[in-house]
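Just below is one structure, and these are the notes that go with it.
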Amino acid sequence: MNEQQFRHLLLQEGLSPRTIGSFRLLVYEIYEQEQRGDLPWRLTRDPYRIMVSEIMLQQTQVARVRTKYEEFLSKFPDTASLAAASLQEVLTAWQGLGYNRRGKALKQAAEEIVQQFGGTLPQTPEELRTLPGIGPYTAGAIAAFAFDRPEIFIETNIRTLFLHLFFADRQGVHDKEILPLIRLTLDHDRPREWYYALMDYGALLKKERTNPGRRSAHHLRQSPFKGSNREVRSRILKTILAKGTATEQEIVDELAGDLRITKNLKELEREGFIVRKGGRYVIQEG
């Protein structure tokens with residue numbers, strides 16, 4: 001089965017049982033050739049480790065996560081150790097991954113798991129979504145990869161594959177058109193492996209051609225990090241983490257007088273990252 005044969009069958013029969021079977025055959029054939037089986041989070045069934053990887057992978061390249069994943073887990077090997085750690089320890093370990101609010105949310109999720117679920121990660125997407133930093137995709141992914149549950153979810157590589165094979169001539173395709181296809185084609189017997197296969201196929205497509213994901217109604221180009229407000233926030237936190245405590249003037253000097261510092265200090269304080277004590281900023285605890 002190849003892509004041309006699948007598209008011909010789809011055109012002739014629609015989403016018939018034979019078409020669905022052919023789609024699964026095609027996906028698994030590509031997966032057998034291209035699977036990224038060496039990714040460390042795919043070598044575990046530990047729900048905590050899978051949760052850590054999924055939150056790290058949000059808006060971050062796989063190569064960067066691969067580097068930080070084991071390092072982070074060596075410091076916080078389980079839910080209890082992460083929940084008990086200080087925010088300063090967690091954010092220090094998170095440096096290099098970007099979007100510090102994800103590191104903060106991960107620590108808060110660990111605290112909730114310890115306090116509300118007796119230290120055991122819940123299995124259903126509904127319960128998982130009650131945790132900080134876990135939305136519909138992350139909840140579905142954790143349920144599938146940690147517990148082999150046949151949940152329905154979509155992410156960028158899955159979206160890319162379905163756009164490529166089912167919507168080849170369409171622009172502005174909404175996820176609400178793709179999700180029913182994900183539901184109908186899901187391999188209920190092997191959901192963990194099936195979703196890995198979909199993702200790896202989609203990742204391959206991005207390398208081989210113009211990204212089909214650009215035809216999604218949800219496609220957004222990420223703004224450059226350099227010079228952005230995200231960079232200012234990151235550098236402020238990095239400065240405070242490195243010094244342990246810093247005045248606003250020390251931060252201004254470190255960031256070469258960037259005019260956005262005062263505004264971002266107030267926002268970081270409001271969001272619970274930092275607190276001002278005696279005219280100096282420190283990482284918020286408790």
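Between N229 and K206, 0.36 nm times their residue separation minus their Cα-Cα distance comes to what? Please report the intermediate quantities before stating the final value.
Numbers: separation 23, 0.36 × 23 = 8.28 nm, distance 2.84 nm.
So the extension gain works out to 5.4 nm.
Over the range 122-211, the ratio between the Cα radius of gyration and 2.2 N^0.38 Å evaluates to 1.11. Taking trypsin sites (Lys or Arg not before Pro) across the range 108-214, the ones in a DSSP loop with at most 16 further Cβ atoms lying within 10 angstrom of their Cβ are R129, R170, R209. With the simple spin-label model, which puts each label point 7 Å out from Cα in the Cβ direction, the K277 to R7 separation comes to 6.3 nm. The mean sequence distance of close C-alpha pairs (under 8 Å, at least 6 residues apart), as a share of the length of the range 229-283, puts its relative contact order at 42 percent. Among the listed options (1) 37, 22, 15; (2) 35, 20, 18; (3) 40, 22, 15, the one matching semi-axes √(5λ) of the Cα gyration tensor in Å as calculated from these coordinates is (3).
Quick one: compute the contact order of the chain, relative version, from alpha carbon pairs under 8 angstrom and 6+ residues apart, as a percent.
On the way: 330 pairs, mean separation 48.3, N = 286.
Normalised by residue count, the contact order of the chain is 17 percent.
Listed peptides 99-110, 271-282 appear in the order 99-110, 271-282 once ranked by packing, highest mean of other Cβ atoms within 10 Å at the front. Pop out the Kirkwood hydrodynamic radius of the range 156-277 from its pairwise C-alpha distances, inverse of mean 1/r, in Å to one decimal. Value: 17.9 Å, from the Cα pair sum. Measuring spread by the Cα atoms of the range 1-136 yields a radius of gyration and Dmax of 19.3, 59 Å. Distance from the Cα centroid of the range 81-129 to that of the range 196-213 is 30 Å (rounded to whole angstrom).
Taken as Cα centroids, the range 1-69 and the range 168-186 sit 16 Å apart, rounded to the nearest whole angstrom. Computed from the C-beta positions of L39 and D78 and an R0 of 22 Å, the FRET efficiency is 0.60 to the nearest 0.05. Taking a virtual spin label 7 Å from the Cα of L184 along the C-beta vector, which residues in the range 1-33 bring their backbone nitrogen under 15 Å of it? Answer for this model: 7-24. Of the residues S81, Q35, Q95, the one whose Cα sits farthest toward the positive end of the charge dipole of the chain, with +1 on the Cβ of Lys and Arg and -1 on the Cβ of Asp and Glu, is Q95. Among rounded, prolate and oblate, which fits the range 229-283 when a ≥ b ≥ c are the square roots of the eigenvalues of its C-alpha gyration tensor, a/c under 1.5 means rounded, and a/b larger than b/c means prolate? Cα axes put the range 229-283 in the rounded bin.
Every number in this text was worked out from the coordinates using simple rules, so none of it is lab data. Everything quoted here is computed from the prediction, not taken from an experiment. As a convention, Cβ positions derive from the backbone with ideal geometry for all residues, glycine included, and neighbour counts pool all protein chains shown.
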